[in-house]
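Report on the structure given below.
The values are calculated or read from the model by the stated rules, or taken from the named source; none is laboratory data. Please read these numbers as outputs of a predicted model, since none were measured by experiment. Reconstructed Cβ throughout: ideal geometry from the backbone, glycine too, with neighbour counts over all protein chains shown.
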Ligand SMILES: Cc1cc2nc3c(=O)[nH]c(=O)nc-3n(C[C@H](O)[C@H](O)[C@H](O)COP(=O)(O)OP(=O)(O)OC[C@H]3O[C@@H](n4cnc5c(N)ncnc54)[C@H](O)[C@@H]3O)c2cc1C
Ligand code: HEM
Ligand code: SF4
């Protein structure tokens, strides 16, 4: 029997709480070939280079080993497969979709949109923390940072942005879970993942189709209404494309930020001096720097497994042959001593932080401008308002997913909640 | 507060424009324009923008910088004579602009604690020039508010408003226009270039004729543009002229651009990509006339510009004209100094050490920025003079480092030349030397959409790449140049045009500036060169 590779060990849920020693092992060979023919890249420079390398494609449905029969194959039960969304498309299609999605989200057309959401974000956070009160037992309140806070908050935000009723969470939650399970390489081969991802996305698309049907003729200021109106710099997207991208935004909008906030609170509790600085509030941009450092140190997206080589690519002395799937291990790259000094130190005072937390190149996270203030506000308010927070278990229990890594629960004991300092305007 | 964005690094991710929309704005796909001197109330948002920039291209002034213990720039001193020099030596920098400022802060950051004097003939503290032909002309930023942020306090003796008039290399002193002499142990020459003036002296005095290099120039031109002139004439369609034309169209002013060559930007990018730029100008309503020059400029009785007679016999009524004729290197003060300085600039080696008339490198005189002319190994060791922002930054950093390092720690200036230009809502970026090429091919994207990458090759090797609104891919092509990858590129990529094939690049013959030298003496111990003064065109 072949030895378990480092990559296989990383995928194994038993290493979820601390994969970083394995990443360090992995980096000893910047480019590794796995038994299934895929390649794993773990060093900073090489990842940055590949994120900007036009010989890598994100159109996994064209992966040669999938054969010709998979694409657009309608599953027998359930809705038809949807066309690729922005993260699954290469230019020029990718760029067109991205420009169209951005039109109602940010510059050049709506530059102030995210900035204007900030009071809303603060209001949601404030009311969620207010909700921690009343669970007190013998002077101590036990909260689950995940279920009581870090999960519901981004869901509320993305629902508002997309015009999705918050009450529908029960409807889309399972489908969204299915999508993120499908991008977990430990749950099956690439073909199997692709098939399950397509199915789960189609189900979510079906949910959106019904939602849009019910809302017909009542456009709002949300992103989906914008897409449906066809307003934008590009030819309007097809209905199916809108559903496909809506499904992506819903999933990406809440399965990632939850982990940044939770990893953030966990890291702050492990570094009380930083938590204390944040609580004191004397440094106006500390939260900003804490969040950037978290994206480097405990990134919610640990690696990208959605690319393959269109040609032979030589990286760090190894040739990745044409047609090979490529995994870019962002979390290992951001802790590469060859890319950043003292990588294993959590240090929000770094002068220069070019982390890989949001990827890079043309697929650089679309939601980053939203995820940043969400997390900045969330962590600032938690730091200021929780009285004497203590970790109940370290490490906390983790979700099994190795790609989107984060605690399943983060139990924290507090002595109560301080009143909100600044009420939303 | 003061900010500057390193637009050579910027890849148009727009994170800054999301975070501080009143300060940073994206035009088109990825062209970033920003307010260099925003209100202090924006400080918090700007700090967020700077932290969010994926390539960390945004720099703020130091009011904001705390005591940061970690990160780059922690210096471990090695014992030796250079350490003593850092505590006791005297360094003089001539030229108080981008290169001078970066060199000064690098010296301080790398532990030079002794006497530092910066001499500049302009009365201003170092300011940034690129906004002068962009945001300033469009009225988004006042001309006198593009001062460069000073990240590290450059604790120096700033002698502003006084020109250096000479240097005595034996006596080791710089002579100033006010008669003072400033002694040095090591000297950095960073005197840059100035705008080439209108050649006809009588016409040059016409009210309404502008050149563009300084805030005074930009301010005067901006005022005229804001007044809504009838028609603006731009003479010369290099980057500067094209950016001025773009600003005019942004202001909805009628503009005519004259270009002696076949196309705009031809001198920098060749006729093929210049042709794309020509179409872009016309699509934006520019009256572009190529192969045409000015025969004469005519004014009215009060000396105001009224008319231009063109070389094709036609005339044009104009109120404002901008002479974008290129530049002249600021080397006159070095005449007779014994350095190889002339119209070509100041020659130096790749370690930024000045070369003397005999062609021998000096030890204590360094050169950086627009005034330097330096050999580049990637380009057949040819001496290149680069008037690019990114080059001034990189080269002056190397020069400063080498000024206080022992021979074994000195670094070569091997950065590939890079520049950007923002015009007509399009971000044009270049890496390598596009004129060092015989063929060009569109490697990615679509010329019709003006979103593409052109790759340049010279004798079967990739030597440059130019991106229109596709800057996120450019570093890949920079890697190919570094590796001397074969041209034409033969690999498969995303977004590859199916019908692309290499065509002749059509770059203009570049006349090498002539240096006339007389050699005297017999035998190796006596032979010495002397530069002969000539008037060159
Ligand atoms: C309008 C404009 C737009 C530009 N846009 C771009 C762009 O989009 N992209 C890009 O890559 N580059 C651009 N550039 C070029 C860029 O600004 C220059 O490369 C950069 O300014 C070079 O810096 P420097 O310090 O070497 O020289 P300079 O900025 O020229 O500074 C030299 C300084 O030395 C002073 N000096 C000269 N002689 C003496 C003397 N004898 N004694 C004392 N002081 C002296 C000068 O007055 C000047 O202050 C632009 C330039 C201009 C003018
Ligand atoms: C902390 C939170 C987040 C993290 C760490 C994160 C991370 C990432 C990463 C690493 C990518 C690159 C994928 C690739 O290159 O293939 C990406 C892409 C993307 N993200 Fe996020 N994300 C976060 C939040 C969000 C939010 C809130 C949204 C939606 C509002 C979002 C929407 C997207 C989309 C649409 C893409 C694809 C962009 C493209 O292909 O051009 N993300 N994200
Ligand atoms: S790369 Fe940085 S500076 Fe450039 S647009 Fe993006 S965030 Fe702004």
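Quick check on segment B:353-361. Is at least one of its residues out of contact with any strand residue (DSSP E or B) (no Cβ under 8 Å at 6 or more places or on another chain) and at pLDDT 95 or above? Yes; the residues of segment B:353-361 include at least one that is out of contact with any strand residue (DSSP E or B) (no Cβ under 8 Å at 6 or more places or on another chain) and at pLDDT 95 or above. All of (1) assigned to a loop (DSSP other than H, G, I, E, B); (2) within 14 Å of chain B (Cβ to nearest Cβ); (3) more than 16 Å from ligand 3 (Cβ to nearest atom); (4) surrounded by 21 or more Cβ atoms within 10 Å (Cβ to Cβ) hold for residue A:375 with one exception: (1).
So which of B:503, B:433, B:466 ends up being surrounded by 14 or more Cβ atoms within 10 Å (Cβ to Cβ), in contact with a helix residue (DSSP H, G or I) (Cβ under 9 Å, 6 or more places away or on another chain) and over 19 Å from residue B:280 (Cα atoms)?
So the residue among B:503, B:433, B:466 that is surrounded by 14 or more Cβ atoms within 10 Å (Cβ to Cβ), in contact with a helix residue (DSSP H, G or I) (Cβ under 9 Å, 6 or more places away or on another chain) and over 19 Å from residue B:280 (Cα atoms) is B:433.
Tell me yes or no: at least one residue of segment A:113-123 is within 8 Å of chain B (Cβ to nearest Cβ) and assigned to a helix (DSSP H, G or I). Taking every residue of segment A:113-123 in turn, at least one turns out to be within 8 Å of chain B (Cβ to nearest Cβ) and assigned to a helix (DSSP H, G or I). Residues in segment A:278-295 that are more than 10 Å from chain B (Cβ to nearest Cβ), free of Cβ contacts under 8 Å to residues at least 12 places away in the same chain and part of a loop (DSSP other than H, G, I, E, B): A:282 alone.
Is it true that some residue in segment A:379-390 is within 13 Å of another protein chain (Cβ to nearest Cβ), farther than 20 Å from residue B:17 by Cβ and surrounded by fewer than 24 Cβ atoms within 10 Å (Cβ to Cβ)? Quick ask: steps written out before the conclusion?
Step one: list which residues in segment A:379-390 are within 13 Å of another protein chain (Cβ to nearest Cβ), which gives A:380.
Still in the list and also farther than 20 Å from residue B:17 by Cβ: A:380.
Next, from what is left, pick out any that are surrounded by fewer than 24 Cβ atoms within 10 Å (Cβ to Cβ): A:380.
Looking through segment A:379-390, at least one residue is within 13 Å of another protein chain (Cβ to nearest Cβ), farther than 20 Å from residue B:17 by Cβ and surrounded by fewer than 24 Cβ atoms within 10 Å (Cβ to Cβ).
Here is a list: A:133, A:126. Which entry is in contact with a strand residue (DSSP E or B) (Cβ under 6 Å, 6 or more places away or on another chain) and either away from ligand 3 (no atom under 16 Å from the Cβ) or part of a helix (DSSP H, G or I) (or both)? It is A:133.
Consider residue B:96 carefully, then state whether it is touching a residue at least 60 places away in the same chain (Cβ under 8 Å) and either away from ligand 3 (no atom under 16 Å from the Cβ) or not in a loop (DSSP other than H, G, I, E, B) (or both). Here the answer is yes, as residue B:96 does meet what is asked. Going residue by residue through segment B:33-53, is there one that turns out to be within 7 Å of ligand 3 (Cβ to nearest atom), surrounded by 22 or more Cβ atoms within 10 Å (Cβ to Cβ), at the interface with chain A (Cβ under 7 Å from one of its Cβ atoms) and not in a loop (DSSP other than H, G, I, E, B)? For segment B:33-53, residues within 7 Å of ligand 3 (Cβ to nearest atom), surrounded by 22 or more Cβ atoms within 10 Å (Cβ to Cβ), at the interface with chain A (Cβ under 7 Å from one of its Cβ atoms) and not in a loop (DSSP other than H, G, I, E, B): present. With A:328, A:275, A:310, A:268 as the choices, which residue is more than 16 Å from ligand 1 (Cβ to nearest atom) and within 14 Å of another protein chain (Cβ to nearest Cβ)? From the options A:328, A:275, A:310, A:268, the qualifying one is A:310.
In this structure, is residue B:211 at pLDDT 95 or above and farther than 30 Å from residue B:364 by Cβ? In short, yes. Consider segment B:54-87. How many of its residues are at pLDDT 95 or above, in contact with a helix residue (DSSP H, G or I) (Cβ under 7 Å, 6 or more places away or on another chain) and more than 9 Å from chain A (Cβ to nearest Cβ)? So the answer is 1. Taken over segment B:1-32, the criterion of being more than 9 Å from chain A (Cβ to nearest Cβ) and within 16 Å of ligand 2 (Cβ to nearest atom) is satisfied by B:12, B:30.
Within segment A:174-181, is there a residue that is touching a strand residue (DSSP E or B) at 6+ places or on another chain (Cβ under 6 Å) and modelled with pLDDT under 95? Yes, that holds for at least one residue. Exactly one residue out of B:497, B:508, B:524 is in a loop (DSSP other than H, G, I, E, B), over 29 Å from the mean Cα position of the chain (by Cα) and more than 13 Å from every other protein chain (Cβ to nearest Cβ): that is B:524.
Pick from segment B:389-400 the residues that are closer than 22 Å to residue B:334 by Cβ and in contact (Cβ under 8 Å) with a residue 40 or more places away in the chain: which of them is surrounded by the fewest Cβ atoms within 10 Å (Cβ to Cβ)? Among them, the one singled out is B:398.
Scan segment A:296-305 and give yes if some residue there is part of a helix (DSSP H, G or I), away from ligand 1 (no atom under 16 Å from the Cβ) and within 22 Å of the chain's Cα centre (by Cα), otherwise no. Write out each step before concluding.
Filtering segment A:296-305 down to residues part of a helix (DSSP H, G or I) leaves A:296-297.
Applying the additional criterion that residues be away from ligand 1 (no atom under 16 Å from the Cβ) yields A:296-297.
Now restrict to residues that are within 22 Å of the chain's Cα centre (by Cα): A:296-297.
Yes, segment A:296-305 has at least one match.
Checked against (1) surrounded by fewer than 22 Cβ atoms within 10 Å (Cβ to Cβ); (2) more than 10 Å from chain A (Cβ to nearest Cβ); (3) farther than 30 Å from residue B:86 by Cα, residue B:490 meets all criteria but (2).
Do any helices (runs of 4 or more DSSP H) entirely within segment A:189-255 hold 2 or more residues that are free of Cβ contacts under 8 Å to residues at least 60 places away in the same chain and buried (at least 18 other Cβ atoms within 10 Å of the Cβ), and if so, which? Don't jump to the end; show me each part of the working.
Details: elements: A:190-214, A:223-229, A:239-255.
Qualifying helices (runs of 4 or more DSSP H): A:190-214.
Residue B:473 falls short on exactly one of the conditions (1) farther than 30 Å from residue B:137 by Cβ; (2) within 16 Å of ligand 2 (Cβ to nearest atom), and that condition is (1). Cβ contacts < 8 Å: first residue more than 9 Å from every other protein chain (Cβ to nearest Cβ), restricted to segment A:358-369; second residue within 11 Å of ligand 3 (Cβ to nearest atom) and not in a loop (DSSP other than H, G, I, E, B), any location; separation 6+ or different chain. Result? Short answer, once both residue conditions are applied: none.
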